[in-house]
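Some notes on the structure that comes next.
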Amino acid sequence: MRSQVAARESPTDATESGTATLGPSADSEITWLLHRAAQRMRNATGDEAERHGLQLRDYIVLSALHKTPNLTQVELGKALGLDKTTLMSQLDRLEEAGLVIRRSDPRDRRARIPAITRRGNTLRAKVASSCASVETAALRNFDAAQAQVFRQMLLEIIGDSEDPGSCL
């Protein structure tokens, strides 16, 4: 299936004024296509998070705490690719808003374990529902089997290695 974007634009399409435009096409590098797709999804899901009073980063941290509870702050930072200072500032804001609490790790009292609160989880679920609608809209030209294959392909590209880069 050829993408609607690829059908409309290619890296060397000329505008009516005769100048070339830059845009992705079916023969663009995968890195470029992934980058542009990530930008589109980040913008759309960021808008949904903001409609609920959160920044996209807030939502991602809340989602990580929901999906993988009992991580220490250090483990959470590694999983999200955030340095300690950035994560602490993020958790401070979420804690001040009543969306996260931090408790001591029973295995190491120096370590802290952030946890999503009931209020935080309710808000996270609302944003997740809105973001699911955004994903559905983005994948509207694909049937369920194609969307599942796409997810599997992304998982294969990601692999299981720890990537030091931030997902935020």
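Annotations
- Applying a DSSP loop filter and a limit of 15 other Cβ atoms within 10 Å to the trypsin sites (Lys or Arg not before Pro) in region 83-168 leaves R107, R140.
- R0 of 30 Å, Cβ-Cβ distance D83-L154: FRET efficiency to nearest 0.05: 0.75
- Around the Cα centre of region 47-168, unit charges on the Cβ atoms of Lys, Arg, Asp and Glu (plus for the first two, minus for the last two) sum to a dipole of about 620 debye.
- Accessible area ranking (1.4 Å probe, heavy atoms, ligands and nucleic acids excluded), largest first, for E95, E50: E50, E95.
- Accessible area of D105 (1.4 Å probe, protein heavy atoms only, ligands and nucleic acids ignored): about 10 Å².
- Mean-position separation - Cα centroids, region 110-148 and region 49-79, in angstrom: 11
The values are calculated or read from the model by the stated rules, or taken from the named source; none is laboratory data. The model shown is predicted, which means the values in this text are computed figures rather than measured ones. Cβ: placed from backbone, ideal geometry, glycine included. Neighbour counts: every protein chain shown. These area figures cover heavy atoms from the full protein model, side chains too; ligands, DNA and RNA do not enter into them. Shrake-Rupley method; radii C 1.70, N 1.55, O 1.52, S 1.80 Å.
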